[in-house]
Amino acid sequence: RDDAYDHARKCKRYGFRQKQTFKQAIKEFHDYERGLKISTIYGHLAKFIEQDLYDAQQFVSEAHYNTIRDYFESTEDPSIGAAKDVLGDEFDFGEIRMVLTELKRDGLFVTPLPSPDESPSPADPDMR
């Protein structure tokens with residue numbers, strides 16, 4: 001975990017030094033550090049977001065963050081693939097995953113437990 005955390009911090013610093021977006025910096029920088037794949041770095045960042053160590057907005061531009069968030073809030077469909085299909089090539093899976101992870105962390109996609117009156121009754125003839 002510490003290596004992944006260091007890697008994410010270095011990518012972010014590198015991007016700021018080079019006046020790049022985080023997305024640009026991560027694509028350039030990943031080759032220099034142990035050859036980690038971009039998807040691996042995004043995966044680590046999503047874990048950190050899930051653990052509430054970071055927010056997605058720290059890594060995703062405000063415009064992309066708002067568009068991705070609006071998509072998930074309006075569709076209530078937590079499918080990354082469906083989001084990618086709608087949002088298009090301008091958005092990458094890592095960005096979508098980080099925003100979705102934050103929304104899940106913050107309770108947008110909580111699966112409710114069935115209420116006792118929704119549970120099938122043993123006397124229900126369809127349950128025999």
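Quick notes
- Each peptide in 75-81, 53-59, 96-102 was scored by the mean count of other Cβ atoms within 10 Å over its residues; highest first, the order is 96-102, 53-59, 75-81.
- The residues neighbouring TYR71, those whose beta-carbon lies less than 12 Å from its own, together hold a net charge of -4 under the Lys/Arg +1, Asp/Glu -1 convention.
Bear in mind these aren't lab numbers, they're just calculated from the coordinates by the rules spelled out. Keep in mind that this is a model prediction, so the values were computed, not measured. Please note: Cβ atoms are built from the backbone with ideal geometry, for glycine as well, and neighbour counts cover all protein chains shown.
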